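Peer 1: Once you've had a glance at the structure underneath, I'll fire off some questions.
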């Protein structure tokens, strides 16, 4: 249990190099869990992730759907929807599999805390897996430009088949 002193000094330090935290606070039981979702190239899809400890996030892994096409960009946001780190445009690869997407610059996250992970796609032939149920915030932001990380309007509710199944690493 964290003491007030620990929290005032910048979060809780974990043991070892644990950095894998999942959207919805759980990993999917199979690579076909959720909905196979087709992206719109002018939207950013995002889901909340809880980080229980301080950790260095070097990337975000996306659970790809039934088709891998075009490029994808991963973005890490704070709990207010402000972009903190972003990946380079990365070719989507591997169907029904997690794809590691490294951030351009690792981010030193302070935990415990809520963050959001988001994805943009440049191809409507791509597919990604989304959560079908949960009790955490998910959403999409419309009117976006691929590769440009802008602040999110943070939701407070869950929307089915919108929030990407993803993990930090």
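The values are calculated or read from the model by the stated rules, or taken from the named source; none is laboratory data. Quick caveat: nothing in here was measured; it's all calculated off a predicted structure. Note that each Cβ is placed from the backbone with ideal geometry, even for glycine, and that neighbours are counted across all protein chains shown.
Peer 1: Every residue in the stretch 40-54 that is over 15 Å from the mean Cα position of the chain (by Cα), touching a residue at least 60 places away in the same chain (Cβ under 8 Å) and either in a strand (DSSP E or B) or closer than 15 Å to residue 121 by Cα (or both), please. Full working, then the answer.
Peer 2: So in the stretch 40-54, the residues over 15 Å from the mean Cα position of the chain (by Cα) come out as 40-42, 52-54.
Still in the list and also touching a residue at least 60 places away in the same chain (Cβ under 8 Å): 40-42, 52.
Across the stretch 40-54, the qualifying residues are 40, 41, 42.
Peer 1: Would you mind telling me which numbered condition in (1) touching a strand residue (DSSP E or B) at 6+ places or on another chain (Cβ under 7 Å); (2) assigned to a loop (DSSP other than H, G, I, E, B); (3) closer than 16 Å to residue 24 by Cα residue 147 fails?
Peer 2: The number of the failed condition is (3).
Peer 1: If you check 67, 47, 88, which single one turns out to be at pLDDT 95 or above, surrounded by 20 or more Cβ atoms within 10 Å (Cβ to Cβ) and in contact with a strand residue (DSSP E or B) (Cβ under 9 Å, 6 or more places away or on another chain)?
Peer 2: On the way: 67 fails: surrounded by 20 or more Cβ atoms within 10 Å (Cβ to Cβ); 88 fails: surrounded by 20 or more Cβ atoms within 10 Å (Cβ to Cβ).
Exactly one of 67, 47, 88 is at pLDDT 95 or above, surrounded by 20 or more Cβ atoms within 10 Å (Cβ to Cβ) and in contact with a strand residue (DSSP E or B) (Cβ under 9 Å, 6 or more places away or on another chain), namely 47.
Peer 1: Which condition breaks for residue 26 when tested against (1) within 14 Å of the chain's Cα centre (by Cα); (2) exposed (fewer than 14 other Cβ atoms within 10 Å of the Cβ); (3) under 21 Å from residue 102 (Cβ atoms)?
Peer 2: (3)
Peer 1: Also: Please verify whether residue 37 is surrounded by fewer than 18 Cβ atoms within 10 Å (Cβ to Cβ) and either at pLDDT 95 or above or touching a strand residue (DSSP E or B) at 6+ places or on another chain (Cβ under 6 Å) (or both), treating the condition exactly as stated. Talk me through it step by step, then tell me what you get.
Peer 2: Working: surrounded by fewer than 18 Cβ atoms within 10 Å (Cβ to Cβ): no; either at pLDDT 95 or above or touching a strand residue (DSSP E or B) at 6+ places or on another chain (Cβ under 6 Å) (or both): yes.
Taking the combined requirement at face value, the residue does not satisfy it.
Peer 1: Can you pull out the strands (runs of 3 or more DSSP E) entirely within the stretch 86-131 that have at least 1 residues that are farther than 19 Å from residue 163 by Cβ? First the steps, then the outcome.
Peer 2: On the way: elements: 98-109, 113-121, 128-130.
It comes to 98-109.
Peer 1: Okay, moving on. I'd like to verify a number: residues in the stretch 137-158 that are without any contact (Cβ under 8 Å) to a residue 40 or more places away in the chain and within 15 Å of the chain's Cα centre (by Cα), how many?
Peer 2: Step one: filter the stretch 137-158 for residues without any contact (Cβ under 8 Å) to a residue 40 or more places away in the chain, giving 148, 155-158.
Those left that are additionally within 15 Å of the chain's Cα centre (by Cα): 155, 158.
Residues flagged as without any contact (Cβ under 8 Å) to a residue 40 or more places away in the chain and within 15 Å of the chain's Cα centre (by Cα) within the stretch 137-158 amount to 2.
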